[in-house]
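Input: a single structure, listed below in structure tokens.
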Amino acid sequence: MGFWQKINIFKGEKAIQKTSRTKEDFSHNIFDEEGGSATFVNAKDFLNLYKIHPWIYSSIFSISTAISQLPITIKELKDGKYVVMEEEEIITIFPFFRKANPDTSWSELIEKSVIYLELLGEFIWEIVLTQKKDAPAELYNLRPDRIKIDYSKINKERIYNYSSFSGREVTFLASEVLHISHPNPLSDFKGQSAIEPTAVSLIADFYAKSYNQSFFKNSARLSGVLNTEQELSDDGFTRVKTEWKRLYSGTGKAHGVAVLDKGLKYDTIQVAPKDTEFQESGKNTREEILASIGVPPVLVGVLEDASYANALIQSRLFWENTILPRLHKIEFGINDKIISIKKDKKRLFSFDISNVRALKDDLEIQAKIDNSYVRMGVHTINEVRATQGLPAVAWGDEDPRIKMTSQVQPTEKRDEGSGSFFLTSKTRRDENDFEVWKAFIGVGEKLEKEYIPKWVSLFEKQEQAVLYKIELLEKITSQADIEDIEKTIKIGRNAFVSLAKKMINVSVENGWLLAEKEEETIKHITIEKQSDSFQDITDYISTQAGWLIKQIEETTRSRLRKELTESYNLGESIDKIRARVQGVFEGTVREKKYRAENIARTEIIGSSNRGKLMRYKAMDNPTKTWIATFDDRVRPSHLQANNQTVLIDDDFAIGGVKMEYPGDPKGGAENVCQCRCTMRSRQRR
């Protein structure tokens, strides 16, 4: 039985809402003036702000509509794997995902809930069960400003006392509601409004607008002074004042001609232009509101200094920093308090963000990484599909490398004199190129042997830090626990950054030296003496190291969050949680070494080629030529690009992708991960 059925006044409530509201219910005066200062009165003030303040409305509207329009997905545990359920199956089991209750759709419920979350810092749903009490049937939004939260010593849980319009009170137990809130450091129960930190600015804005309104209401100028040398009686004074207001006061009577009698003179009081400048004050208030709520200016139609590029960045930041944290909060609550009621099978609810344009880059990067892993034989297609909750396909366990190598069909050719081995195909292979490639790979392999153990050591330390944090918690009891564990990933970040910079730096230097050795007549010049090149390389090392560590952290964090969330929803023991964490960090030495090898090889090859390119440019070489890997593990598109020559400042075309040099991050994971191609150049003759 739902809330309205419980108190049996649903129709009466509607009538009350239509006929019995007081003037205060419709008031737009959200401030109470006491002693000459404005203050917020109660929660209703924050709700009224949504009706009357344009920046409050537009920013919260942006958040609520973004979330309410997202489709939902539910994964069901089948044969040890989570599989995406069909939409009709979801609606059959959980009908409220289409119709939350007889009067509210799912999207309406979500939209209004998010509005409450931002304005009041929380939203609260009543969860109505089926007659058998074995599944949720309906969801109702309860206005947070009408709820008082207390703790019941009898039931040993929170109780929620709801006051209706008619004054009736209904008490809900914590087990009967879903309560999502923003953290409030001053309350054990209630959430904090996202706009509360802007209270001072809002009050100042209120005064500024009130002053501005009065200013223009009085015909855009302050009242002047009527002067006379004659003595006026009380009646005469009252008559002059009344007649003056009647004839000349107000915007509709501005700029009229005044007729003065009895020696009256009118002296105006001039208003300084700065006193009418409210634009800057309003702009500052707007910026504070948007920053507090977390909405970039372009999302609410503020196009000052906007361009296509920064508009895309703002949209991405909006989703990453504002929407996604709220989605995770809501998802966790729904899984914990609603989906878990149906105990016949393990299921996980989530919002589907796969079609959010602002996040497409992340999804495309992950797709490229998955594609690269499949091509290199690290994962099968079915293993990748399983991570996405998709069913296996008949052909998904085949090793794609067999097809890839058969498409190239190279022919072995051995030079009996030198004993060197290389491939021939429709793409011309040059033995001089082989010597350049052989020297390049030889230097790279030495660096790999040096740095792979160092990466393995850092991953092991990171894994131990996470496991130690889990041991301290003993059990995952909330989303906050998961977030605390995730933060552990950043422990030792400086060590990761330092290692990355050292590895990239020495790789660039090796590439520089290799480029010099390709030209016998070139005299060695240190990078430091080439000031332009040195600065470019310094910037590259810093940027590339930062990018690399960010990718490593995000990959680890994403995998860890997924495993910990599933473990929490399944109520697993600490031993199983530990096993999941070890899986995230690829528990065996061989697997850890493979990840370290992938990172080291990819970065060493790319940075070495970057160093070669910088030396080519310093030597004023006019062109560069791609040299594909000399073995049967070469990518078909890279083999096809072999001997491709372009101007030194132009990009190679590799399978339709532009790359400045082999290993260039612009090529994406499918062209960069464990690539061992290089390039050569020739001086002007």
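The values are calculated or read from the model by the stated rules, or taken from the named source; none is laboratory data. Everything numeric here is computed off the predicted structure, so don't read it as measured data. With ideal geometry, Cβ positions are generated from the backbone for all residues, glycine too; neighbour counts draw on all protein chains shown. Keep in mind that these areas ignore ligands, DNA and RNA; they rest on the heavy atoms of the full protein, side chains included. Shrake-Rupley method; radii C 1.70, N 1.55, O 1.52, S 1.80 Å.
Scanning region 349-367 for residues that are at pLDDT 65 or above and either part of a helix (DSSP H, G or I) or closer than 17 Å to residue 670 by Cα (or both) yields 357, 358, 359, 360, 366, 367.
When residue 568 is tested against (1) surrounded by 19 or more Cβ atoms within 10 Å (Cβ to Cβ); (2) more than 26 Å from the chain's Cα centre (by Cα), only condition (2) is not met. Evaluated against (1) without any contact (Cβ under 8 Å) to a residue 12 or more places away in the chain; (2) within 25 Å of residue 442 (Cα to Cα), residue 658 falls short on exactly one condition, (2). When restricted to residues that are more than 13 Å from the chain's Cα centre (by Cα) and assigned to a helix (DSSP H, G or I), region 311-338 contains 10. Note on region 139-164: among residues that are assigned to a strand (DSSP E or B), without any contact (Cβ under 8 Å) to a residue 24 or more places away in the chain and aliphatic (A, V, I, L, M), the one that is least open to solvent (accessible area, probe 1.4 Å) is 147.
Here is a check on your reading of the model: is residue 241 more than 23 Å from residue 56 (Cβ to Cβ), open to solvent by 80 Å² or more (accessible area, probe 1.4 Å), modelled with pLDDT under 80 and touching a helix residue (DSSP H, G or I) at 6+ places or on another chain (Cβ under 8 Å)? Steps first, please.
On the way: more than 23 Å from residue 56 (Cβ to Cβ): yes; open to solvent by 80 Å² or more (accessible area, probe 1.4 Å): yes; modelled with pLDDT under 80: yes; touching a helix residue (DSSP H, G or I) at 6+ places or on another chain (Cβ under 8 Å): no.
No.
Residue count for region 176-207 under the criterion of being at pLDDT below 90, assigned to a helix (DSSP H, G or I) and open to solvent by 40 Å² or more (accessible area, probe 1.4 Å): the result is 6. Could you list, in sequence order, the residues of region 154-208 that are over 19 Å from residue 121 (Cα atoms) and among the aromatic types (Phe, Trp, Tyr)? Within region 154-208, 165, 172, 206, 207 qualify.
A search for C-beta distances below 7 Å between a residue of region 503-518 that is farther than 12 Å from residue 614 by Cβ and any residue that is outside any helix (DSSP H, G or I), counting only pairs 6+ apart in sequence or on different chains, returns 518/680.
The lone criterion from (1) more than 23 Å from the chain's Cα centre (by Cα); (2) surrounded by 20 or more Cβ atoms within 10 Å (Cβ to Cβ) left unmet by residue 47 is number (2).
Against the conditions (1) at pLDDT below 90; (2) loosely packed, with under 15 Cβ neighbours inside 10 Å, residue 82 satisfies every one except (2).
On the basis of being at pLDDT below 80 and in contact with a helix residue (DSSP H, G or I) (Cβ under 9 Å, 6 or more places away or on another chain), does residue 526 make the cut? Yes: the conditions hold for residue 526. Listed by position, the strands (runs of 3 or more DSSP E) inside region 573-670 whose residues that are open to solvent by 40 Å² or more (accessible area, probe 1.4 Å) and modelled with pLDDT under 85 number at least 1 form an empty set.
Evaluating residue 171 against the criteria (1) at pLDDT 80 or above; (2) under 35 Å from the mean Cα position of the chain (by Cα) leaves one unmet condition, (2). Taken over region 536-572, the criterion of being charged (D, E, K, R), part of a helix (DSSP H, G or I) and over 14 Å from residue 348 (Cα atoms) is satisfied by 536, 539, 550, 553, 554, 557, 559. The set of residues in region 50-61 that are open to solvent by 20 Å² or more (accessible area, probe 1.4 Å), touching a helix residue (DSSP H, G or I) at 6+ places or on another chain (Cβ under 6 Å) and either touching a residue at least 12 places away in the same chain (Cβ under 8 Å) or under 19 Å from residue 338 (Cβ atoms) (or both) comprises 50, 55, 58. When residue 456 is evaluated against the numbered criteria (1) among the aliphatic types (A, V, I, L, M); (2) in contact with a Leu (Cβ under 8 Å, 6 or more places away or on another chain); (3) touching a residue at least 40 places away in the same chain (Cβ under 8 Å), which criterion, by number, is the only one it fails? That leaves (2) as the condition not met.
I need the full set of residues from region 316-326 which are of a type in the set (A, V, I, L, M, F, W, C), in contact (Cβ under 8 Å) with a residue 40 or more places away in the chain and either open to solvent by 60 Å² or more (accessible area, probe 1.4 Å) or more than 14 Å from residue 118 (Cβ to Cβ) (or both), in order please.
Filtering region 316-326 down to residues of a type in the set (A, V, I, L, M, F, W, C) leaves 317-319, 323-324.
Next, from what is left, pick out any that are in contact (Cβ under 8 Å) with a residue 40 or more places away in the chain: 318-319, 323.
Hit for region 316-326 is 319, nothing else.
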